[in-house]
Amino acid sequence: MRSGSEEPVPLHEEFIYCCGAATHVLKCGPWKDLSKDESKNLPRLLFMIIPGNPGLAGYYRTFIQALYCGLNQQYPVWVVSHAGHCKPPSGMEMIEDTDIKELEDVFGLNGQVEHKLNFLKKNVSKDIKLVLIAHSIGCYITLEMMKRASELQVLRSVLLFPTIERMAQSPQGKLMTPLLCKLRYALYMPVYLLSFLPEGVKASLVRFALRGMKSCDESSITTSINLFSVDCIANILYMASQEMIKVVERDSTTIKQNLKKLIFYYGTGDSWCPQHYYDEIKMDFPDGDIRLCEKGLRHAFVLDASKEMAAMITDWLQDDLTKL
């Protein structure tokens with residue numbers, strides 16, 4: 001596909017309540033509302049990004065802009081943060097002040113699945129087809145969405161660096177599970193103390209932490225400042241602790257039922273989903289579109305390879321889009 005023009009990419013930012021939890025939404029393109037069935041200008045297709053963890057929408061800002069341009073600016077590209085994975089603007093609380101409890105444990109892994117389904121139900125017309133692009137634990141969430149809501153018109157699901165099985169047994173999982181499941185509360189106090197630092201100092205700390213990267217995305221630095229919020233980090237770590245406990249067996253049944261809609265993309269040096277996970281799923285589903293990264297991209301590709309990943313995805317989906 002042609003690359004987009006050099007004109008500024010239209011980007012709309014919203015902070016909303018979804019399932020009673022603060023949610024950050026970034027929308028690429030001129031379409032701000034896709035829920036009105038009577039509108040004649042609704043696009044046929046929505047590209048929706050399901051983040052990893054931390055599930056802050058800002059990490060995907062460059063990615064959705066590059067994807068939108070790579071799609072010739074023909075389709076909206078949205079990213080929806082995980083519930084509570086954002087620092088709400090002034091005057092907005094993390095949890096909506098209401099007597100109605102919309103969802104039990106919205107910040108947990110199951111709650112995050114229902115959170116995305118609820119967002120689609122309230123904000124996107126049923127007539128619009130979907131391309132779901134998921135990253136890391138977002139791939140688990142996406143498979144659950146397809147399992148629970150078979151009525152969704154999913155054209156394709158692209159699963160990037162998919163953590164869909166045996167997370168606690170992965171090299172990184174073995175390291176992080178004790179910390180996340182037993183010691184995460186000990187992290188709250190230092191985060192609380194760091195939250196009082198000036199914004200410039202926080203940015204300097206983030207730059208120092210990411211100093212090993214040759215070309216770190218600037219939006220990643222500004223987004224990472226959210227991690228100095230105790231409420232935000234508590235929700236991130238709580239969800240991560242559930243991932244270690246609940247993401248155990250690969251859901252091969254759902255994969256088999258949706259195999260023709262799925263594209264898997266595994267890393268070669270990914271300590272969250274090591275290469276033998278790729279070897280095994282490739283053996284179990286020889287007819288599946290299951291790819292191994294040949295570019296050496298890191299699991300957290302949004303930090304320095306958003307444009308490269310977006311270009312690959314637009315190339316993968318060319319045939320699907322020409323058939324629309």
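Just so you know, all these numbers are worked out from the coordinates, no wet-lab data involved. Values in this document were obtained by computation on a predicted structure and should not be read as measured data. Using ideal geometry, Cβ is built from the backbone for each residue, glycine included, and neighbour counts are taken over all protein chains shown.
Would you please classify the overall shape of the chain from the alpha carbon gyration tensor, given that a ≥ b ≥ c denote the square roots of the eigenvalues, rounded means a/c under 1.5, and beyond that prolate means a/b larger than b/c while oblate covers the rest?
It comes out rounded by the Cα gyration axes.
Roughly how many whole Å is it from the C-alpha centroid of the stretch 30-99 to that of the stretch 228-258?
For the stretch 30-99 versus the stretch 228-258, the Cα centre distance is 20 Å.
Where is the GNM fluctuation largest for the chain (alpha-carbon springs, 10 angstrom cutoff): SER229, SER215, SER125?
For the chain, modelled as a Gaussian network with Cα springs under 10 Å, the answer is SER215.
Note down the relative contact order for the chain as a percent, whole number, built from C-alpha pairs under 8 angstrom at least six residues apart.
Reported as a whole number, the value is 21 percent.
Net charge around LYS121, counting only other residues with Cβ within less than 11 Å of its Cβ (Lys, Arg = +1; Asp, Glu = -1)? Don't skip to the answer; put the middle values down first.
On the way: positive: LYS116, LYS122, LYS126; negative: GLU114, GLU151.
Overall, the nearby charge balance is +1.
Report the trypsin sites (Lys or Arg not before Pro) located in the stretch 222-324 that are in a DSSP loop and have at most 16 other Cβ atoms inside 10 Å of their Cβ, or state none.
Of the trypsin sites (Lys or Arg not before Pro), the ones in loops of the stretch 222-324 whose Cβ has at most 16 other Cβ atoms within 10 Å are LYS295, ARG298, LYS323.
Quick one: length gained pulling ARG148 to GLU14 fully straight, 0.36 nm per residue minus the C-alpha distance?
This chain segment gains 45.6 nm when fully extended.
Amide H of HIS135 versus every other amide H placed in the peptide plane: which residues, excluding those fewer than 5 positions away on the same chain, fall under 5 Å?
Under 5 Å from the amide H of HIS135: ILE50, GLY52, LEU160.
Show the residues, 5+ positions off or on another chain, whose built amide H is closer than 5 Å to the amide H of ARG291.
Under 5 Å from the amide H of ARG291: PHE264, TYR265, TYR266.
Counting other Cβ atoms within 10 Å of each Cβ, which GluC sites (Glu not before Pro) in the stretch 184-289 have at most 10 and sit in a DSSP loop?
Details: sites: GLU199, GLU218, GLU243, GLU249, GLU280; in loops: GLU249.
Counting only loop positions with at most 10 other Cβ atoms within 10 Å, the GluC sites (Glu not before Pro) in the stretch 184-289 are GLU249.
Just name one of ALA22, ALA234, ILE281: the one whose Cα is farthest towards the positive end of the charge dipole of the chain (beta-carbon charges, Lys/Arg +1, Asp/Glu -1).
Positive-end residue among those listed: ILE281.
Starting from the stretch 174-224, pick out the trypsin sites (Lys or Arg not before Pro) whose DSSP state is loop and whose Cβ has at most 15 other Cβ atoms within 10 Å.
The qualifying sites are ARG211, LYS214.
With θ set to phi - 60° and the Karplus curve 6.51 cos²θ - 1.76 cosθ + 1.60, what are the ³J(HN,Hα) couplings of the stretch 65-70 in order, to the nearest whole Hz, using x for Gly and Pro?
5, 5, 5, 4, 5, x
Using a cut-off of 11 Å between beta-carbons, work out the net charge of the residues near ASN258 (Lys and Arg +1, Asp and Glu -1, ASN258 not included). Let's see the in-between values first.
Values: positive: LYS147, ARG156, LYS256, LYS260, LYS261; negative: ASP251.
Result for the neighbourhood of ASN258: +4.
Please list, in order along the stretch 284-297, the HN-Hα scalar couplings obtained from phi with the Karplus expression 6.51 cos²θ - 1.76 cosθ + 1.60 (θ = phi - 60°), rounded to whole Hz, x for Gly and Pro.
My calculation for the stretch 284-297 gives 6, 10, x, 8, x, 8, 10, 10, 10, 4, 10, 10, x, 5 Hz in order.
Just to confirm a number: summing +1 for Lys and Arg and -1 for Asp and Glu over residues other than PRO162 whose beta-carbon lies under 12 angstrom from that of PRO162, what do you get?
Charge balance near PRO162 sits at 0.
At 7 Å along the Cα-to-beta-carbon direction for both LYS295 and GLN318, put a label point, then send me their distance in nm to one decimal.
In this crude label model, LYS295 to GLN318 measures out at 1.5 nm.
Please state the shape class of the stretch 257-320: rounded when a/c is under 1.5, otherwise prolate if a/b exceeds b/c and oblate if not, all from the C-alpha gyration tensor. Intermediate results must be reported in sequence, preceding the final value.
Numbers: a/c = 2.48, a/b = 1.13, b/c = 2.20.
Oblate is the answer for the stretch 257-320, as a/c is 1.5 or above yet b/c matches or exceeds a/b.
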